Structure formats: C-alpha cells, structure tokens
C-alpha cells in the first residue's frame with residue numbers, strides 16, 4: 001500500500017502511474033480539493049479540516065511493507081517508527097538512520113524563522129530532476145517491498 005499526504009504533493013500523477021504498473025493500491029489522504037481518480041487502485045480519503053488530520057490518519061495506518069509519500073517530517077518520523085518506508089516528493093528516503101537529523105534540521109529552521117520575522121524565502125523550487133529522482137526512488141521502494 002502507498003499512502004500519500006496529498007494536499008500539496010507534486011507527484012500524485014507519478015505515484016498513480018508507477019503504482020498501477022506494479023498493481024499496488026494507493027490511498028491519497030487530503031482535507032479536500034482533490035478530484036477522485038477513476039483508477040480502481042487509487043482511493044481518495046478526505047479527512048476533516050484541522051491541524052494534522054491527514055497526518056494522524058496516515059500515521060495510524062502505515063506499517064511495515066507500506067510506503068508513505070510526504071514532505072512532513074514529523075509524519076515521516078511516526079511512519080518510520082511504525083516500520084513504513086518513507087519518501088519525500090523529491091525522492092529522498094527518510095529512514096531510521098536519517099530521520100533524527102531531519103527532525104533536528106526542521107526544528108532549527110523553525111527557530112531561525114521565529115527569531116527573524118523578516119527572514120524571506122523558502123525552499124527551492126521543485127524541479128524535473130526532483131521528479132526523476134522520485135520516480136526512481138518509488139520504483140526501488142516498490143521492488144524492495146515486493147521482495148518482502
């Protein structure tokens with residue numbers, strides 16, 4: 001099963017295509033605004049609006065053998081702890097080895113933004129290279145999951 005934190009996910013189409021090729025079910029979890037897919041392997045779950053509702057829904061269900069696609073680091077940490085494989089939309093895998101550093105970096109950046117309210121900018125733009133890395137990472141994760 002692939003769970004997708006879908007509200008702002010830039011690779012939903014890619015996930016659907018790869019999952020269909022591998023015949024793996026996908027659950028897109030969102031607060032709303034997504035058009036349901038006609039693909040029988042893709043389910044869209046709408047959760048109530050509110051902080052972290054989609055994250056909680058995914059974290060309660062994702063387990064070993066599942067793949068979670070999210071850019072949300074605290075959600076990724078909960079899923080890694082539950083045994084799921086986690087990919088960011090840029091193809092970066094979040095694992096037990098690197099999730100602690102990812103959480104620390106996230107917290108540091110939040111502190112820096114809070115200390116300087118005039119700090120401008122954000123992350124870099126999502127690129128074709130990010131999309132390509134994601135496709136390869138998803139293929140690899142699905143192959144590993146199929147091997148058990």
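Taken together, the values in this text are just the output of simple stated rules run on the coordinates, not laboratory data. Only a predicted model underlies this, so the values are computations on that prediction, with no experimental measurement involved. Ideal geometry is used to build each Cβ from the backbone, glycine not excepted, and the neighbour counts take in all protein chains shown.
Applying 0.36 nm per residue to the separation of residue 139 and residue 127 and subtracting their alpha-carbon distance, the gain on full extension is 2.5 nm. Extension gain, residue 8 to residue 49, is 13.3 nm, computed as 0.36 nm per intervening residue step minus the present C-alpha separation. Using C-alpha pairs below 8 Å separated by at least 6 residues, the relative contact order for the chain is 21 percent.
Set the Cα radius of gyration of the chain against 2.2 N^0.38 Å, with N its number of residues, and you get 1.05. Shown is the FRET efficiency for residue 20 and residue 96, computed with R0 = 30 Å from the Cβ-Cβ distance and rounded to the nearest 0.05: 0.50.
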